[in-house]
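Visitor: Can you read through this structure? Questions will come right after.
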Amino acid sequence: TMNTSPILLMAPLYPPTQQELESRWTVRRLFEAADADALLDELAADCRVVVTTGGRGIDAAAMARLPKLELVACFGVGVDAIDVDYCKAHGIAVTNTPDVLTEDVADLALALLLATLRRIPAGDRFVREGRWLKGSMPLTQSLQGRKVGIVGLGRIGMAIARRCEAFGTPIGWHGPRAKPDVSWPWFDDVVALGRWADVLVAACPGGAATRGLVSRAVLEALGPDGVFVNIARGSVVDEPAMVELLGNGKLGSAGLDVFDDEPNVPAALLTMENVVLQPHVGSGTHPTRTAMGRLVLDNVAAWMEGKPLVTPLP
Ligand code: NAP
């Protein structure tokens with residue numbers, strides 16, 4: 001029957017979510033398999049559900065070895081690591097975890113922005129290392145009077161914009177199409193947004209369509225006093241150009257939660273004082289991970305019971 005069909009788990013999940021998944025259904029862990037090929041062969045006849053993470057995803061080659069596959073349930077909202085085109089072509093449904101992580105990710109974007117402008121990690125080190133006893137810390141830049149450009153005004157981008165309104169900053173944004181119900185100015189060209197803005201925050205999806213969208217030209221337009229904040233994906237920025245411009249002063253500073261080759265971070269960033277780094281933790285709080293896990297479990301349960309999926313990709 002359907003609900004004895006084994007679930008292939010591509011990567012470890014938030015432990016309480018994984019525990020519940022494994023207590024309710026038969027789960028096979030690809031990430032611990034001594035022989036991944038053998039496991040895929042074994043599952044080919046009856047694996048109908050894959051559970052994965054935004055970081056791990058699943059590629060076409062793996063899915064091609066699971067001809068009975070009907071659902072890929074993603075722990076995370078970003079599905080850029082899942083070959084969604086393959087899923088569409090093969091009638092495989094994809095679910096993700098939208099909305100429940102929006103506010104936490106937007107909070108981290110503002111935290112990174114303020115930490116970068118106000119040099120909060122440096123201030124913390126200044127106190128801990130006893131340097132305050134010998135003098136005061138150098139002054140920093142301010143968020144006040146700065147224009148914030150948002151690349152990708154979706155759920156998270158909107159939540160970032162709402163927070164920026166509370167801080168009193170003018171807002172502009174770039175996305176693939178204008179939105180009639182949005183009053184903040186829309187820039188059809190991301191370089192033009194970079195020229196207008198003092199702070200650029202990336203909140204668009206990753207994947208081929210946005211690779212390098214925040215280009216060298218965009219970062220140069222942002223300029224020596226400009227701040228770049230990335231909570232989207234490392235792929236959306238030309239990372240080598242970003243590192244170079246942060247190093248030679250042509251880009252002011254950056255607050256980064258995401259990188260092109262996680263968990264590897266370009267070595268040059270590690271010694272820069274004008275950069276604040278986070279280990280991809282936008283959604284990394286207990287309440288949000290719990291809610292994301294609930295959505296993954298509810299989607300799998302819906303599929304197992306033949307009910308409509310809770311959060312399918314359109
Ligand atoms: P969403 O609601 O789908 O928003 C994405 C927005 O990006 C949409 O407004 C979309 O435009 C826009 N967009 C699409 N292509 C674009 C392009 N080429 N240039 C500029 N904008 C473009 O998704 P979300 O829930 O806000 O999540 C956004 C992304 O954040 C995820 O895909 C994920 O990669 C990232 N994320 C990161 C973390 C973290 O821990 N750091 C956590 C969660 C999510 P339209 O409105 O016109 O479609």
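Visitor: I'd like the distance separating the alpha-carbon centroids of the range 246-314 and the range 1-59, in whole Å.
Guide: 21
Visitor: Then there is this: Note down the net charge around residue 211, summing +1 for each Lys or Arg and -1 for each Asp or Glu among other residues with Cβ under 10 Å from its Cβ.
Guide: Cβ neighbours under 10 Å give a net charge of -2.
Visitor: Using 0.36 nm per residue, how much length does the chain from residue 177 to residue 122 gain when fully extended, once their Cα-Cα distance is taken away?
Guide: 15.9 nm
Visitor: Which whole-number percent is the relative contact order of the chain (Cα, under 8 Å, 6+ apart)?
Guide: About 17 percent, as a whole number.
Visitor: Could you do me a favour and compute the accessible area per residue for the range 211-260, 1.4 Å probe, result in Å²?
Guide: Roughly 30 Å² per residue, with all protein chains present.
Visitor: Ranking request for peptides 306-312, 188-194: highest mean number of other beta-carbon atoms within 10 Å first, then the rest in descending order.
Guide: Result, highest mean first: 188-194, 306-312.
Visitor: Pairing the Cα long axis of helix 15-24 with the longest principal axis of the chain, what angle in degrees results, from 0 to 90 and rounded to the nearest 10?
Guide: Helix 15-24 and the main axis of the chain meet at about 10 degrees.
Visitor: Using the per-residue mean of other Cβ atoms lying within 10 Å as a proxy for protection, in what order, highest first, do the peptides 229-236, 57-64 fall?
Guide: 229-236, 57-64
Visitor: With +1 on the Cβ of every Lys and Arg and -1 on the Cβ of every Asp and Glu, and nothing else charged, how large is the dipole of the range 163-297 about its Cα centre, in debye rounded to the nearest 20? List each step's numbers first, then the result.
Guide: Working: 10 positive and 15 negative charges, 93 e Å.
Rounded to the nearest 20 debye, it is 440 debye.
Visitor: Cβ neighbours within 10 Å, averaged per peptide: list 65-72, 217-224 in order, most packed at the top.
Guide: Top to bottom by mean Cβ count within 10 Å: 217-224, 65-72.
Visitor: If R0 is 30 Å, what FRET efficiency do you get for residue 165 and residue 19 from their C-beta distance, rounded to 0.05? Don't skip to the end; give the middle numbers.
Guide: Values: r = 40 Å, r/R0 = 1.34.
Computed FRET efficiency for residue 165 and residue 19 comes out at 0.15.
Visitor: For the chain, take the longest principal axis of its alpha carbons; what is the angle in degrees between that and the long axis of helix 155-167, to the nearest 10 within 0 to 90?
Guide: Between helix and principal axis, roughly 30 degrees.
Visitor: Report the FRET efficiency, 1/(1 + (r/R0)^6), for residue 217 and residue 272, where r is their Cβ-Cβ distance and R0 is 30 Å, rounded to 0.05.
Guide: On the way: r = 21 Å, r/R0 = 0.72.
Calculated value: 0.90.
Visitor: Moving on. Using a 1.4 angstrom probe and counting only protein chains, how large is the accessible area of residue 295 in Å², to 10?
Guide: 20
Visitor: Excluding ligands, DNA and RNA, what is the solvent-accessible area per residue of the range 99-162 at a probe of 1.4 Å, expressed in Å²?
Guide: Ligands and nucleic acids excluded, the figure is 54 Å² per residue.
Visitor: Compute the angle between helix 286-304 and the longest alpha-carbon principal axis of the chain, please, reported from 0 to 90 degrees and rounded to the nearest 10.
Guide: Compared with the principal axis, the helix lies near 30 degrees.
Visitor: Give the shape of the chain as rounded, prolate or oblate, defined through the alpha-carbon gyration tensor: a ≥ b ≥ c are the square roots of its eigenvalues, a/c under 1.5 means rounded, and otherwise the shape is prolate if a/b is larger than b/c and oblate if not.
Guide: Judged from the Cα gyration tensor, the chain comes out prolate (a/c at least 1.5, a/b above b/c).
Visitor: Can you tell me the relative contact order of the range 134-216? Whole percent, Cα pairs under 8 Å, sequence separation 6 or more.
Guide: 35
Visitor: For the pair residue 133/residue 281, report the inter-label distance in nm, with labels modelled 7 Å from Cα in the Cβ direction.
Guide: Label-label distance for residue 133 and residue 281, simple model: 2.8 nm.
Visitor: Compute, for the chain, the length of the dipole vector about the Cα centre, with Cβ point charges of +1 (Lys, Arg) and -1 (Asp, Glu) only. Units Debye, rounded to 20.
Guide: 880
Visitor: For residue 281, what is the net charge nearby, where nearby means another residue's Cβ is under 13 Å from its Cβ and Lys, Arg count +1, Asp, Glu -1?
Guide: Charge balance in the 13 Å sphere: -3.
Visitor: Something else now. Measure off 7 Å from each Cα along the Cα-to-Cβ vector at residue 64 and residue 26, then give the distance between these two points in nanometres to one decimal.
Guide: 2.7
Visitor: I'd like the carbon and sulfur percentage of the solvent accessible area for the chain, probe radius 1.4 Å, heavy atoms only, ligands and nucleic acids excluded. It would help to have the intermediate numbers written out before the result.
Guide: Working: 8030 of 14700 Å².
Solvent-exposed carbon and sulfur of the chain make up 55 percent of the total.
Visitor: Give me the net charge of residue 259's neighbourhood, meaning all other residues with Cβ under 11 Å from the Cβ of residue 259; Lys, Arg count +1, Asp, Glu -1.
Guide: Numbers: positive: 233; negative: 239, 257, 260, 261, 262.
That works out to -4.
Visitor: To continue, here is another question. Using R₀ = 22 Å, calculate the FRET efficiency as 1/(1 + (r/R₀)^6) where r is the Cβ-Cβ separation of residue 208 and residue 313; round to 0.05.
Guide: Values: r = 16 Å, r/R0 = 0.74.
Here the calculated transfer efficiency is 0.85.
Visitor: Which one of 270, 108, 45 is farthest out on the positive end of the charge dipole of the chain, using unit charges on Cβ (Lys, Arg +1; Asp, Glu -1) and the Cα centre as origin?
Guide: 108
The values are calculated or read from the model by the stated rules, or taken from the named source; none is laboratory data. Please read these numbers as outputs of a predicted model, since none were measured by experiment. Counting neighbours? That spans all protein chains shown, and the Cβs are built from the backbone with ideal geometry, glycine included. When the accessible area is computed, the model is the full protein with side chains, heavy atoms only, and any ligands, DNA or RNA have been set aside. Shrake-Rupley method; radii C 1.70, N 1.55, O 1.52, S 1.80 Å.
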